[in-house]
1. With the checklist (1) of a type outside the set (Lys, Arg); (2) farther than 30 Å from A:GLU227 by Cβ; (3) outside any loop (DSSP other than H, G, I, E, B) in hand, flag the one item A:GLN74 doesn't pass.
2. Being touching a residue at least 24 places away in the same chain (Cβ under 8 Å) and in contact with a Phe, Trp or Tyr (Cβ under 9 Å, 6 or more places away or on another chain) is the filter here; which residues of the range B:38-69 pass it?
3. Are there any pairs with C-beta distances below 7 angstrom linking a residue in the range A:25-46 that is more than 13 Å from A:VAL246 (Cα to Cα) and modelled with pLDDT of 90 or more to a residue that is surrounded by 14 or more Cβ atoms within 10 Å (Cβ to Cβ) and β-branched (Val, Ile, Thr), with the two at least 6 apart or on different chains, and if so which?
4. Condition test on B:PHE102, is it at the interface with another protein chain (Cβ under 7 Å from one of its Cβ atoms), closer than 27 Å to A:LEU260 by Cβ and of a type in the set (Phe, Trp, Tyr)?
5. Checking B:ALA12 against (1) modelled with pLDDT of 95 or more; (2) surrounded by 18 or more Cβ atoms within 10 Å (Cβ to Cβ); (3) at the interface with chain A (Cβ under 9 Å from one of its Cβ atoms); (4) closer than 30 Å to A:SER97 by Cα, which test does it fail?
6. Mind checking whether some residue in the range B:144-164 is at pLDDT 85 or above, surrounded by fewer than 20 Cβ atoms within 10 Å (Cβ to Cβ) and not in a helix (DSSP H, G or I)?
7. With the requirement that a residue be over 30 Å from B:GLN132 (Cβ atoms) and without any contact (Cβ under 8 Å) to a residue 24 or more places away in the chain, what does the range A:47-68 give you?
8. Can you tell me how many residues in the range A:142-174 are over 19 Å from A:LEU208 (Cβ atoms), in contact with a Phe, Trp or Tyr (Cβ under 7 Å, 6 or more places away or on another chain) and among the small types (Gly, Ala, Ser)?
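The values are calculated or read from the model by the stated rules, or taken from the named source; none is laboratory data. Not measured: the values here are computed from a predicted model. Backbone-built Cβ (ideal geometry, glycine too); neighbour counts: all protein chains shown.
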Amino acid sequence: MKKRIVLILKYAALVLIVLMFLLPIVYMLANSVMPTKEITDAYTTSPDHYASFHLIPDRFSLEQYYQAFLRRPQFLNLFWNSVLITVPIVIIQTVVSIFAAFAFTKLKFPFRDALFFIFIILLIMPSWVTMVPNYMMIQRLGLLDTIWSLILPSAFTAFGVCLLRQYMRYVPDETIEAARIDGASTLKILFRIVLPQVKGGVAALMILTFIDNWNMVEQVIVFITDEEKYPLSVALSSFSSSDPGVIFACGVIFMIPPLLLYLYHSKEFKNSKV
Amino acid sequence: MKLKTKTAWTGAAFALPALIGIFLFYLIPYCISLYYGFTLQNEYVGFTNFAALFHSNTFWLGMKNTAIFSLIAIPLAVVIPLLISLFLSTFDKHTSFFSSLFLSPLIVPIASVIYVWQIFFADYGVINSLLQKLGLDPVAFFKGPWAMALVIIIFVWKNCAYNIILFSAGLRKIPKEVKEPARLDGANSFQVLTKIVLPLLRPTTFFIFLLTVISSFKIFREVYLLYGKYPDEHVYMIQHFMNNNFYNLNYPRLSAASIVLSVAVIAVMLVFFMAERRSSV
């Protein structure tokens, strides 16, 4: 009997912990299916009208989604900006990192370890250090205020190379040597032997790179002056003050691409252990 | 010999795109910023720009707040997930479903969820309405020291998720055979934890700590979306200082700051790596 009570208490604690992590997200989802009037009524606050905890909709409605998709062309424009910035970064970062990580782990070339040391130093450098060199080069290339100023520096970070190298280290050298003796080219070895063994790493890299750049803020507000080129990660907050009635649906729509990418790769991602 | 030079060329060729990107956007312009750091209007001025930087009040304000944030938020974001994953490890089953739920704060974009935080913590928001009903004084979360507390809460909430997953994976790797003999020798659960489990978890902990440090560098995103370009002085971070100098196009100061900060980051990291190496020997 006593064991049973302990078990019930433990499960109660577990549910409470999970709720704490999920509440803001569930709250956003629930509020996104309320009519805009219900939102503006609930959250227009003043000293004698506090916002209340409003989780269950009085009336279910897809009005916010309708408004966001069909009545707010600027929302879709900003969403598209986010896609235009993030997708090229993920593609470049992944392809470039696969080749470089393979070279740094399994091939030999002059100054290899010294060069890799640069990557490790760069890995720990915060944006408040790297944005200065980024800016100087972008300005010299005449790319300021274009989306390339956001894409190029973020596509070539040390993160991908360092992450994939962690996975490739565990690929046994014997399999590579055996393939080489059979006459396979280096390119073939990479794609036929190594890549299938580090799928989890590639999935993790794509998901983490996508999420990181889908949330890009600091580069945007310095490198871009034309607010029409802003991605949603910055522009959504200005949306919330001008148009609070639809903000929850906009937030949910903005969440869909990273969620889909995660669900698509979730099995490999969860099995991937660094 | 011939084969060797050929593989050397392939290796270099494979690494080349990444190297070009890193040199072009990071290494070469960093050297250019070294030049700017020591000159004013193309004239060598020694450490003048650095002296000016160290006399700037906003630089120290940004440094101070970034340090306060890091010293509180990073340990919390490591210890709380450790406790939660120790708790999760006491369950026999079902936890993999829960641990996939823990990933959601990582996947949901900051901009999406920020409005919920605003509604919860606003002056007349959900939390304050709750406090009022309980007969307590409302709290101004967006002003004064509470502003920093709010940023720390959001950081811990967001980063606990992934760290729980990593800790759980680390705990699962510790075989039962290691713990059982100690238990048979009469060690209690607390002793097993501190003498066996935690030492074995060291590498995982260090890795998670490093990841958390790197993500703490990105806290500016939350601060900016909550407080805008000109925040309360309690949450004025080092990134705000840099951005303000970008807006003034103050290259000498930006370069000096970038150099000083890069050296500081490397120094702090060296200390951590040395501490880790010394204590694991």
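1. Going through the list (1) of a type outside the set (Lys, Arg); (2) farther than 30 Å from A:GLU227 by Cβ; (3) outside any loop (DSSP other than H, G, I, E, B), A:GLN74 breaks only (2).
2. B:ASN49, B:PHE50, B:LEU53, B:SER56, B:THR58, B:PHE59, B:LEU61, B:GLY62, B:MET63, B:ASN65, B:THR66, B:PHE69 - these are the residues of the range B:38-69 that are touching a residue at least 24 places away in the same chain (Cβ under 8 Å) and in contact with a Phe, Trp or Tyr (Cβ under 9 Å, 6 or more places away or on another chain).
3. Between residues of the range A:25-46 that are more than 13 Å from A:VAL246 (Cα to Cα) and modelled with pLDDT of 90 or more and residues that are surrounded by 14 or more Cβ atoms within 10 Å (Cβ to Cβ) and β-branched (Val, Ile, Thr), the close pairs are A:ILE25/B:VAL108; A:ILE25/B:VAL113; A:TYR27/B:VAL116.
4. yes
5. (1)
6. Yes, the range B:144-164 contains at least one residue that is at pLDDT 85 or above, surrounded by fewer than 20 Cβ atoms within 10 Å (Cβ to Cβ) and not in a helix (DSSP H, G or I).
7. Within the range A:47-68, A:TYR66 is the sole residue that qualifies.
8. Number satisfying all stated conditions: 1.
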